[in-house]
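S.K.: Mind looking over this structure? Questions follow.
Since every read-out is calculated from the coordinates, none of them should be taken as a lab result. Everything numeric in this text was worked out from a predicted model, so none of it was measured. Here the Cβ is made from the backbone with ideal geometry for all residues, glycine too, and neighbour counts use every protein chain on show.
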Amino acid sequence: MTRTARAAVLREQGAPLRIESVVVPELRPDEILVRIRGVGICHTDLTAAAGGVPIPLPAVLGHEGSGVVAEVGSSIVGLRVGDPVVIGFDSCRTCRNCRRGRPAYCSRFAPLNYSGVRPDGTSVFHDGAGKPIHGNWFGQSSFSSLVVATDRNVVRLPREVPIELAGPLGCGLATGAGTVLRVLRPESDSTIAVFGLGAVGMAAVMAAKVAGCGTIIGIDPNPRRHAPALELGATTALSPDDVDDIGRHVRRATGGGVDYAVESVGSEAVIRQAMSSLASPGVCATLGLRGGRNPITIDQTHLLSGRTLTGVIEGDATRTSSSPNSPHSGATADSPWRRSPAHFLSTNSTTPSPP
Ligand SMILES: [Zn+2]
Ligand SMILES: [Zn+2]
């Protein structure tokens, strides 16, 4: 049985997305059809739409989808029609990194998430004339009212979770929270600075609070992001434009620098600011994808004093580590992430800067 969905289709790099009818063909045995109820816009979608990621066109982007299972393939177990779900990135589950619990570094990450087609080369969408429209973007292409995913990248949500707000758990919130809770693993009462207060940075702030960091410095040039960051757990929020040298300012404010830094922008200037804010020893994680090559220069002498710069994809998350079911999520009746999407909507609506 085929069905028709409404989707935002990218037909030309740099051009606006166009709302079109797309046909969703018969499901494969391992596939799940999800009726989308909410979706976030991640900076990687914008990077791809601008041509920064080599995806075949026409294509449907979107990779922070949440919704309700509308149909399951014949081999799916454990999910039923009507289940509320969030959709994350795809991974093969069989390569060395997948088997050791590191699916964000799946050896088949690019073909499964960026190629626009299923592993067998077919497309999950086509137009009315039968021409393929590329999907499978991060295993979902959730800028569509109906999405084809698999049990590799779908997580069932508790029914009390507001489903229309849960989409960013699939990427932005998982990236920021996973980086703090799974990669940096800050000690209780340690100090952390978060550069960039979009969805990813706000999630890092929330996770730092969950981890018990004593000092959480949120940094963003947009002052409208400061109050939400303070509400979500930052102990200080400031703009790099308000001080001469943000690295020196953070070092002075913390008596020598922060133990950890999260850099969610991806520009060399901000990476250098984040590295400059570090204590000795200290660890900085850089997260922002700028598309293509992005060379930076780092002073080796600065690194020698026990400092580390590492990169993180998707918060090094597993399929369930950042879900509301996870003990890492801090999911209580008052979980801060439940308040966050409204903030992202208000901040992102005025600020196209990454992430
Ligand atoms: Zn993303
Ligand atoms: Zn894999």
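S.K.: For a Förster distance of 41 Å, can you work out the FRET efficiency between the beta-carbons of Val117 and Glu187, rounded to the nearest 0.05?
M.R.: Plugging the Cβ-Cβ distance into 1/(1 + (r/R0)^6) gives 0.40.
S.K.: Rounded to the nearest 20 debye, what is the charge dipole size of the chain about its Cα centre when +1 sits on each Lys and Arg Cβ and -1 on each Asp and Glu Cβ?
M.R.: 620
S.K.: What is the local net charge at Arg118, summed over the other residues whose Cβ is closer than 14 Å to its Cβ (Lys, Arg +1; Asp, Glu -1)?
M.R.: -2
S.K.: With the contact rule set at Cα under 8 Å and sequence spacing of 6 or more, what percent relative contact order holds for the chain?
M.R.: That works out to 16 percent.
S.K.: Around Phe195, with a cut-off of 11 angstrom between Cβ atoms, what is the net charge of the other residues, counting Lys and Arg +1 and Asp and Glu -1?
M.R.: My count for the surroundings of Phe195 gives -1.
S.K.: Let me ask something else about it. Cut-off 14 Å, label point 7 angstrom out along Cα-to-Cβ of Arg35: give me the residues of the stretch 74-92 whose amide nitrogen falls inside.
M.R.: 81-85
S.K.: How high is the relative contact order of the stretch 3-170, given as a whole-number percent (alpha carbon pairs under 8 Å, six or more residues apart)?
M.R.: 30 percent.
S.K.: Once the other residues with Cβ under 11 Å from the Cβ of Phe89 are scored (Lys, Arg +1; Asp, Glu -1), what is the net sum?
M.R.: Local net charge: -1.
S.K.: Could you list the square roots of 5 times each eigenvalue of the Cα gyration tensor of the stretch 75-176, that is, the equivalent ellipsoid semi-axes, sorted largest first and rounded to whole Å?
M.R.: 21, 20, 13
S.K.: Can you give the FRET efficiency to the nearest 0.05 for Thr310 and Ala129, using r as the Cβ-Cβ distance and R₀ = 51 Å?
M.R.: 0.60
S.K.: Which of the GluC sites (Glu not before Pro) found in the stretch 120-217 are in a DSSP loop and have at most 14 neighbouring Cβ atoms, other than their own, within 10 Å?
M.R.: Those that pass, being in a loop and sparsely packed, are Glu160, Glu187.
S.K.: Run the numbers for Asp241 and Ala110: contour at 0.36 nm per residue of separation, minus the present Cα-Cα distance, in nm.
M.R.: Going from the current span to full extension adds 43.5 nm.
S.K.: Assuming a viscosity of 1.002 mPa s and a temperature of 20 °C, what translational diffusion coefficient in µm² per second does Stokes-Einstein assign to the stretch 199-244, Rh being the Kirkwood radius over Cα pairs?
M.R.: 204
S.K.: Quick check on the chain: what does the Kirkwood estimate of hydrodynamic radius come out to from the alpha carbon pairs, in Å?
M.R.: Evaluated over the chain, this radius sits at 20.5 Å.
S.K.: Next question, about the same structure. Label points 7 Å out from Cα along the Cβ direction at Met1 and Thr297: separation in nm?
M.R.: Once both label points are built, they end up 6.2 nm from each other.
S.K.: If we restrict to alpha carbons, what Rg and Dmax does the stretch 1-58 come to, in Å?
M.R.: Just the Cα atoms of the stretch 1-58 yield Rg and Dmax of 13.4, 36 Å.
S.K.: Need one word for the stretch 3-170: rounded, prolate or oblate. Basis is the Cα gyration tensor (sqrt eigenvalues a ≥ b ≥ c); a/c below 1.5 gives rounded, then a/b vs b/c decides.
M.R.: Verdict is rounded for the stretch 3-170.
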